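Chemist: Have a look at this one before I ask anything.
The values are calculated or read from the model by the stated rules, or taken from the named source; none is laboratory data. Source: prediction; values computed, not measured. Cβ placement follows ideal geometry from the backbone for every residue including glycine, while neighbour counts extend to all protein chains displayed. Protein only, heavy atoms only, side chains kept; ligands, DNA and RNA dropped before computing areas. Shrake-Rupley method; radii C 1.70, N 1.55, O 1.52, S 1.80 Å.
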Amino acid sequence: MSLDSRPSVREAAIAALCVAELAAIVDLVTWVESVDGVVTAHAANHHGRVRLFPGGGMQVLAGDNPITSQDPRAFLPYAVELAHPSPSDSRDNAYPLAAERILSLFADPERSPDLAIVHTPGHYFPDEGGHLGEHGSLDVIQSRAPLVLSGAGVRRLGVVPESARLVDVGPTMAHLAGAPDEALRDATGAPLDGRVLTAYLDGTTPKGVLGVLWDGAHCSDLLHLASTGDLPTVAGLIERGVALDGGAVAQFPSVTLTNHTSILTGVGPGRHGVLGNVYFDRATGQQVVPNDETTWHRSAEWLRPAARTVFEMVPGFTASVDEAIDRGADYSTMGIIRASSGGAGAGGLGDRLPPADSSPFLGDPALLDDPYFRWGVSVDDLGLEQVRGLYAGGLATAPRLAWWANVVTDAGHHGGGPRSEPARAALRQSDARLGVMLDDLERLGLLDEMAIVLTADHGFEGADQNITGSWRSALDALGVPYRDEGPGFVYFDVR
């Protein structure tokens, strides 16, 4: 259907959601509409309504502006974030690149929702998949992923008061790995949304690039723990390179598969097609759930044809370890799963997972009571085994670009929230695994020849167990067919 075919229903829904009674759980309602032939981004809540323009411009349409800041470095230094956890009022929060990210989410005519509802930072909704630690929001803390560049080809700048975007990470890795400028485009030849972060590079080309993703790693806490000596491997990377204190801004929604895909394609969700961990496809009439252990190995199937991964941009041997978005990689964990008759379960990769309780990186065994944490320990131990194998033969057989995704950090932050013991334990064991890998590279004489990129797919905020509830009754009262995927992606005129 066309963009404006359901405006009356959309307006009724916005009014129903932007009431004071729902203010504790509805942070913002976002959508796009055509104004004088130009598609523009909008946001509203109980305070008022605003039209948002790329570059940070805003036009208040009704009431008070619900968005007073788009500063990507809001709540810095870290003490300020600690003093203002999970702001309850949108006017006390920040929403970096709001227009650009909203416009991207709503750019897919078949998969984009009619409305995207943003949970308040403190909203606790375990009955609908929520956790003590939350992400997915448009706001700065849930959108802030760490970004550390280190080693060959990178300037030694230490921690700098700057920020970037996650869509910049893939093009920067591809550039470091020797991809020519003309390769940094999509399949139609259009420029990527991301750009090469040349300000942090010294102009030389390393002999290899290792990209490392710690899923859900909290940016400011990671940098804090590195500065106190709790993450010595990260501290070493920063000493040999640069870390942005404002991290890299995730695409909206700030969820896993959307941002894994944005990193590895250099474009936002409206172009690559993976709109969320769960969304609806009007063209097929089906719910899509790419972020699930039964579907991860198929995630690249949902990429739009024009999207290209860094594995398709970089010349030479490339590798993707424990990453769902692996299209074009010469070595791929998900490729092994796809080739196995057992898939992700028995007979496939599941049979190779080492037992979590015997992991050399596990500190407190009580953390294994959380099934997600237990699984994450096993997956990340197997990931380390795979990455070590890729480099065991030296530069002659090493990948030009390798990407290594880790998941236990997401489990720790979900289970306890940011700065909790589970979250910090997950960061410490991930630091130790990466330390083993870098020790291997140093022993092989490769470390000084390589660039290392460490990032994440989103940030985290702590939910308040006293802030509960659902907006479902407000949508039900409209009396029209709808789907609420996530929850938060609302599609009208569907069943």
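Conditions tested, residue by residue: (1) in a helix (DSSP H, G or I); (2) of a type in the set (S, T, N, Q); (3) open to solvent by 60 Å² or more (accessible area, probe 1.4 Å).
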{"position": "V80", "(1), (2), (3)": "yes, no, no"}
{"position": "P96", "(1), (2), (3)": "no, no, no"}
{"position": "V118", "(1), (2), (3)": "no, no, no"}
{"position": "H123", "(1), (2), (3)": "no, no, no"}
{"position": "H131", "(1), (2), (3)": "no, no, yes"}
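A quick yes/no check of all residues on (1) over 30 Å from E11 (Cβ atoms); (2) touching a strand residue (DSSP E or B) at 6+ places or on another chain (Cβ under 8 Å); (3) modelled with pLDDT of 95 or more; (4) in a loop (DSSP other than H, G, I, E, B):
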residue: A398; (1), (2), (3), (4): yes, yes, yes, yes
residue: A405; (1), (2), (3), (4): yes, yes, yes, no
residue: P418; (1), (2), (3), (4): yes, yes, yes, yes
residue: L434; (1), (2), (3), (4): yes, yes, yes, no
residue: E442; (1), (2), (3), (4): yes, no, yes, no
residue: L475; (1), (2), (3), (4): no, yes, yes, no
residue: P487; (1), (2), (3), (4): no, yes, yes, yes
residue: V490; (1), (2), (3), (4): no, yes, yes, no
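Chemist: Continuing with the same structure: Hey, any hits in the range 31-39 for a residue that's in contact with a Pro (Cβ under 7 Å, 6 or more places away or on another chain), buried (at least 17 other Cβ atoms within 10 Å of the Cβ), closer than 28 Å to N277 by Cβ and of a type outside the set (D, E, K, R)? Even if it seems obvious, please write down each step before you answer.
Modeler: First, pick out the residues of the range 31-39 that are in contact with a Pro (Cβ under 7 Å, 6 or more places away or on another chain): none.
No, every residue in the range 31-39 fails to be in contact with a Pro (Cβ under 7 Å, 6 or more places away or on another chain), buried (at least 17 other Cβ atoms within 10 Å of the Cβ), closer than 28 Å to N277 by Cβ and of a type outside the set (D, E, K, R).
Chemist: Quick check on my filter: what residues within the range 142-164 are in contact with an Asp or Glu (Cβ under 7 Å, 6 or more places away or on another chain), more than 26 Å from K207 (Cβ to Cβ) and either aromatic (F, W, Y) or buried (at least 24 other Cβ atoms within 10 Å of the Cβ) (or both)?
Modeler: Those that are in contact with an Asp or Glu (Cβ under 7 Å, 6 or more places away or on another chain), more than 26 Å from K207 (Cβ to Cβ) and either aromatic (F, W, Y) or buried (at least 24 other Cβ atoms within 10 Å of the Cβ) (or both): Q142, A145.
Chemist: Give the residue that is nearest to S150 (Cα to Cα), with candidates limited to residues of the range 454-466 that are surrounded by 15 or more Cβ atoms within 10 Å (Cβ to Cβ) and out of contact with any Ser or Thr (no Cβ under 7 Å at 6 or more places or on another chain).
Modeler: Residues of the range 454-466 surrounded by 15 or more Cβ atoms within 10 Å (Cβ to Cβ): 454-464.
From what is left, the residues that are out of contact with any Ser or Thr (no Cβ under 7 Å at 6 or more places or on another chain) are 454-456, 460, 463.
Values: L454: 8, T455: 12, A456: 15, F460: 24, A463: 33 Å.
Among those residues, the one meeting the criterion is L454.
Chemist: Sort out which residues of the range 40-90 are touching a helix residue (DSSP H, G or I) at 6+ places or on another chain (Cβ under 7 Å) and of a type in the set (S, T, Y), and write them in order of number.
Modeler: Result: T68, Y78.
Chemist: Now for a separate question. Looking at G216, G194 in this structure, which one is within 20 Å of A402 (Cβ to Cβ) and in contact (Cβ under 8 Å) with a residue 60 or more places away in the chain?
Modeler: Going through G216, G194 in turn, the sole match is G194.
Chemist: Report the residue count in the range 214-225 for those that are open to solvent by less than 10 Å² (accessible area, probe 1.4 Å), aliphatic (A, V, I, L, M) and part of a helix (DSSP H, G or I).
Modeler: 2
Chemist: Please state which one of A116, A74, A83, A152 is more than 18 Å from H414 (Cα to Cα) and free of Cβ contacts under 8 Å to residues at least 40 places away in the same chain.
Modeler: A83
Chemist: Filter the range 300-315 for residues that are surrounded by fewer than 24 Cβ atoms within 10 Å (Cβ to Cβ) and at pLDDT below 95 and give the result.
Modeler: E301, W302
Chemist: Let me ask another. Could you grab the pairs with beta carbons closer than 8 Å, sequence gap of 6+ or different chains, first residue in the range 123-149 and more than 14 Å from G246 (Cβ to Cβ), second one among the basic types (K, R) and open to solvent by less than 10 Å² (accessible area, probe 1.4 Å)?
Modeler: Hits for this filter: L138/R101.
Chemist: If you don't mind, there's one more thing I want to ask. Any chance you could count how many residues in the range 171-213 are of a type in the set (G, A, S), part of a strand (DSSP E or B) and out of contact with any helix residue (DSSP H, G or I) (no Cβ under 6 Å at 6 or more places or on another chain)?
Modeler: Result for the range 171-213: 1.
Chemist: Hey, among R111, R73, R91, which residue is charged (D, E, K, R) and not in a loop (DSSP other than H, G, I, E, B)?
Modeler: One residue alone meets the criteria, R91.
Chemist: Continuing with this model, one more query. Quick check on this structure: which one of P66, P109 is touching a Lys or Arg at 6+ places or on another chain (Cβ under 9 Å), open to solvent by less than 70 Å² (accessible area, probe 1.4 Å) and not hydroxyl-bearing (S, T, Y)?
Modeler: P66
Chemist: Here's a check for you: in the range 227-270, which residue that is over 16 Å from the mean Cα position of the chain (by Cα) and crowded, with 23+ Cβ neighbours inside 10 Å is nearest to R428 (Cα to Cα)?
Modeler: L231
Chemist: I'm trying to understand the selection: among the residues of the range 1-48, which are at pLDDT 95 or above, in a loop (DSSP other than H, G, I, E, B) and either farther than 18 Å from D139 by Cα or of a type in the set (V, I, T) (or both)?
Modeler: Residues satisfying the conditions are V19, I25.
Chemist: Additional query: If I filter the range 316-338 down to residues being within 21 Å of V407 (Cβ to Cβ) and small (G, A, S), which single residue comes out as surrounded by the most Cβ atoms within 10 Å (Cβ to Cβ)?
Modeler: Out of the qualifying residues, it is S320.
Chemist: Here is a check on your reading of the model: is S150 modelled with pLDDT of 95 or more and in a strand (DSSP E or B)?
Modeler: When the stated conditions are applied, S150 passes them.
Chemist: If S86 satisfies every condition in (1) modelled with pLDDT of 95 or more; (2) over 30 Å from A164 (Cβ atoms) but one, which is the exception?
Modeler: Of the numbered conditions (1) modelled with pLDDT of 95 or more; (2) over 30 Å from A164 (Cβ atoms), the odd one out for S86 is (2).
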